[in-house]
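Heads up: the structure comes next, in structure tokens.
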Amino acid sequence: MAHFGLLSYKGTGHLNPLISLSRQLIARGHKVTLFQSPELELRAREQGLDFFPIETSHSADIKQHRTRKPTSSASLVEIRYRLHRISSEMETFLHAYPPALRATGVDTLIMGEISLTGPTVAELLRLPYFIVSTSIPHNFGWHAPRSILSTTSWTEGLQKKLLEVSVLHMNGPVLWSLDRLRKRVGLASARNIAKTHPELAHITQWPQCLDDQRFTLPTNFFYTGPFVNDMARPSIDFPWEKLDGRPLVYASLGTTRKNDASIFHRIAQACSGLGMQLVITLGGRRDPSILGGLPGDPVVVGNAPQLELLKSAAIVITHAGPNTVLETLLHGKPMVALPMTLDQPAVAARLAKAGAAVVLSEQYRSVKDIRDALLKVRDDPRYHEASIKLQTQMLPLRGLERAAEIIEQSLASHHRSVPPAQDLPFTDTQTAIHNVLERETANLSLA
């Protein structure tokens, strides 16, 4: 059996599906160790994963004088700050991952697509690896019609474009920083990693039935289906006694603090008087007391047992995050989508095309707009029918089982075709990385 090292961004939208996949692999006799910040250890161990803490203070301390967060959120200074922070995090993980992976005896890596240093670490240690997309894969592009995209100033638009090029497609400043470190340990540009040390498979939980038609795909790319396992979710208390039997509107706008609290006031006002009961979850990032006295007296909680509530919901109001969307469709429920950023407009565009949601762009989210959208979804049976159709297509996909099968089969084929490599001595590899980081710390620059 394999010992998988899991490299994941710690955001809930990334961890939930990857922990579900890990549980599936553990049930099949494998071992999985999560490498992340110490505060996630309890959750990992509760789910049956092993855990190795990765401290991130090393890089933050080094970069402190250059990464003080600017006060302006939409400026060139903000762009520079965010790119410096990404570079700093890459430096930390390149420094911390190799000794941690060696110490635990990991023989294969599973990494979220946003793990920018993951493939480089795999190449350094000569480990086979798998890339997992928890949303629409980056290399497909997150395109959406202008009618769905939020309005931005030119600096916000530049920031979005630069980060998309640098992070999603690994070009520009982030790639230059990574390549500088790769070169010092004898590795070619990360652009060539598909030739020098490719992933065994690239797997996405995004279902093909909800994607654009694609005529060519890499041979090692696989659609599966949603990675949903209710046993992989932490237990969450909820005041079930407050539900009064009216049709339920469940509103979840993700786990970020970036949503303006006024959107929840507009949602509550829009629902008030429609004969429906509203439940709002704040994604664990806000205190429910900030939303006291909302119109219609909705149930407001800091965090909610989403999978259980989806069983009862009539309509879901969502930010179009991929996990909430896929979980909602697995329950056959239509949506009102309020996308904001990153992959959300692209996800919303696919929902609109499939007829499973009304999508409101940022400039059209008044109380009247939201109310009209709710009434349209409630009263037009085509939205419910489209959601049921997608549910029917997605339920048989067995996303977790299929992903685990692909991983096992690809790994077995790799072991049959590739003789065991003669690894560099650990001390040599670790020393080389350490020396590079020490030399580059002072002058690692995105300029």
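Laboratory data are not the source of any read-out in this text; all were calculated from the coordinates shown. Since the structure is predicted, the reported quantities are computational estimates derived from the model, not experimental observations. Reconstructed Cβ throughout: ideal geometry from the backbone, glycine too, with neighbour counts over all protein chains shown.
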What full-extension length gain, to one decimal in nm, is calculated for Thr216 and Lys195 as 0.36 nm per residue of separation minus the Cα-Cα distance? 5.7 nm
Taking a 25 Å limit on the Cα-Cα distance, which of the listed pairs Lys311/Lys376; Lys31/Lys183; Lys31/Lys389; Lys333/Lys376; Lys242/Lys353 fall beyond it? Lys31/Lys183; Lys31/Lys389; Lys242/Lys353
Sparse-neighbour loop sites [trypsin sites (Lys or Arg not before Pro); region 223-285; at most 15 other C-beta within 10 Å; DSSP]: Arg257, Lys258, Arg285
Most positive-pole-ward Cα, Gly292, Leu243, Val336, against dipole of region 236-396 from beta carbon charges: Val336
Cleavage-rule hits (trypsin sites (Lys or Arg not before Pro)) in region 98-151: DSSP loop, at most 10 neighbouring Cβ within 10 angstrom: Arg146
Report the full-extension gain for the segment Ser417 to Thr104: residue separation times 0.36 nm, less the Cα-Cα distance, to one decimal in nm. 110.1 nm
What is the distance, in nm, between label points placed 7 Å from the Cα along the Cα-to-Cβ direction at Arg180 and at Val77? 2.3
Could you work out how much longer the chain between Asp230 and His143 gets when fully extended? Use 0.36 nm per residue separation minus the Cα distance between them, nm to one decimal. 28.2 nm
